[in-house]
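The structure appears right after this line, and notes come after that.
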Amino acid sequence: MTIPTELIGSIPRPHELLAAMAAHAAGKIDDAGLAEVQQRAVSDTVRRLEELGSPVVSDGEQSKPSFVTYPIAGLSQLAPAGVTIPFADGHQRQLPVLTAGPFRYQAHAVDYLRAAQAQATVPVKQAVIAPSAMSLLYPADGIDGYSREAFLKDLIAEAEADIRDCLDAGAEVVQLDFTEGRLSLKLDPSGELLDQFIELNNLVLERFSAEERTRIGVHTCPGGDQDSTHSLDVDYTALLPKLLRLKVGNFYVQLASEPDAERVLTVIAEHLPAAARIFVGVIDPIDPRVETAEEVCDRVLVAARHLPVERLGTCDDCGFSPFSDDTSTSRDTAFAKIKARIDGTALAAEQLGV
């Protein structure tokens, strides 16, 4: 396939894993028992992705508590009542808040990567949370004895290590999840918060060589949880010019669920960074209907009218289950949609003659 195609992240957990997670939370099975079920879920995920012909696979985030909180699971210096993320259907997700320093990651993405590599026969990618999301853990009124400046210094070092360890372990690409980018424009319409996010993320990315950054990407979407979004109503074109200033080699942009894809593509084309590849979303994980390969092909052909084909790729708009308790999409539906993306991308590549 000459147009690369990649999944974004999470795939719905199998029923066995959901049951084991509930049993673990209730104290009915221990850590080892849960880990055994997680390993089986990773193995099944990788196997099914390879059977579909996915040229790059991942663990589908089977073992992550969520795409955003994995680094802080078990961190003792946390309290509830952090930043609240409201979704369009009325439900909310709330981040914790840091109560003391120093800030250290408790879990590292490289461990998820290695678990998938042990099962895979094709390249493996790894998603990590963007440092900008972790910056939301610091309370607005500060922490006695631990300044925001000290926190950010620690955060930058932890985020760099999370990425670098994955690159050193042979990840095909490391993808920063940056769903808070579009959300920031709802929290702060002035754009000042978004500017801070971009600056912070680039402080981390600048620690990598130009060659290393060709294996680093960033994903943006308006959130996707329980078939709802948190910022689809925010004008995408207010985000994209700043997003495309991030110093990465790959951008994964939600597009299938966007009401005016051509408008978005026009803005991307106007601000396209030199040598970057744009992976356009051709699958909407929130839509319960499985797209056809022909629909995916058509979406790729539209994108190819605006972007150079040699710098074009495809992806899903978002993960299918970013939070482990999200069962709004079935596992079989997710794999069917992934197959449509793979087949439709191949069909478009054939029609484009590449």
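Within segment 33-61, if we keep just the residues that are of a type in the set (G, A, S) and part of a helix (DSSP H, G or I), the residue that is farthest from the chain's Cα centre (by Cα) turns out to be G33. Residue check: is V264 crowded, with 19+ Cβ neighbours inside 10 Å, touching a strand residue (DSSP E or B) at 6+ places or on another chain (Cβ under 7 Å) and touching a residue at least 12 places away in the same chain (Cβ under 8 Å)? Considered against the rule, which asks whether it is crowded, with 19+ Cβ neighbours inside 10 Å, touching a strand residue (DSSP E or B) at 6+ places or on another chain (Cβ under 7 Å) and touching a residue at least 12 places away in the same chain (Cβ under 8 Å), V264 comes out as no.
Pick from segment 1-44 the residues that are touching a helix residue (DSSP H, G or I) at 6+ places or on another chain (Cβ under 8 Å) and of a type in the set (V, I, T): which of them is surrounded by the fewest Cβ atoms within 10 Å (Cβ to Cβ)? Here the residue is T2. N202 satisfies every condition listed in (1) more than 19 Å from V68 (Cα to Cα); (2) surrounded by fewer than 19 Cβ atoms within 10 Å (Cβ to Cβ) except (1). Looking at segment 75-189, none of the helices (runs of 4 or more DSSP H) lying wholly inside it contains 2 or more residues that are surrounded by 22 or more Cβ atoms within 10 Å (Cβ to Cβ), of a type in the set (S, T, Y) and more than 19 Å from the chain's Cα centre (by Cα). Surrounded by fewer than 20 Cβ atoms within 10 Å (Cβ to Cβ), under 27 Å from A19 (Cα atoms) and either in contact (Cβ under 8 Å) with a residue 40 or more places away in the chain or of a type in the set (F, W, Y) (or both): does that describe S328? Spelling it out, S328 is indeed surrounded by fewer than 20 Cβ atoms within 10 Å (Cβ to Cβ), under 27 Å from A19 (Cα atoms) and either in contact (Cβ under 8 Å) with a residue 40 or more places away in the chain or of a type in the set (F, W, Y) (or both). Whether a residue is without any contact (Cβ under 8 Å) to a residue 12 or more places away in the chain and not in a helix (DSSP H, G or I) was assessed, and K64 does not pass this test. Scanning segment 48-62 for residues that are charged (D, E, K, R) and surrounded by 14 or more Cβ atoms within 10 Å (Cβ to Cβ) yields R48, E50, D59, E61.
Screening I338, I283 for residues that are in contact (Cβ under 8 Å) with a residue 40 or more places away in the chain, crowded, with 17+ Cβ neighbours inside 10 Å and in contact with a helix residue (DSSP H, G or I) (Cβ under 6 Å, 6 or more places away or on another chain) leaves exactly one candidate, I283.
Bear in mind these aren't lab numbers, they're just calculated from the coordinates by the rules spelled out. Predicted model only: the values in this text are computed from it and were never measured. Note: ideal-geometry Cβ built from the backbone for every residue, glycine included; neighbour counts use all protein chains shown.
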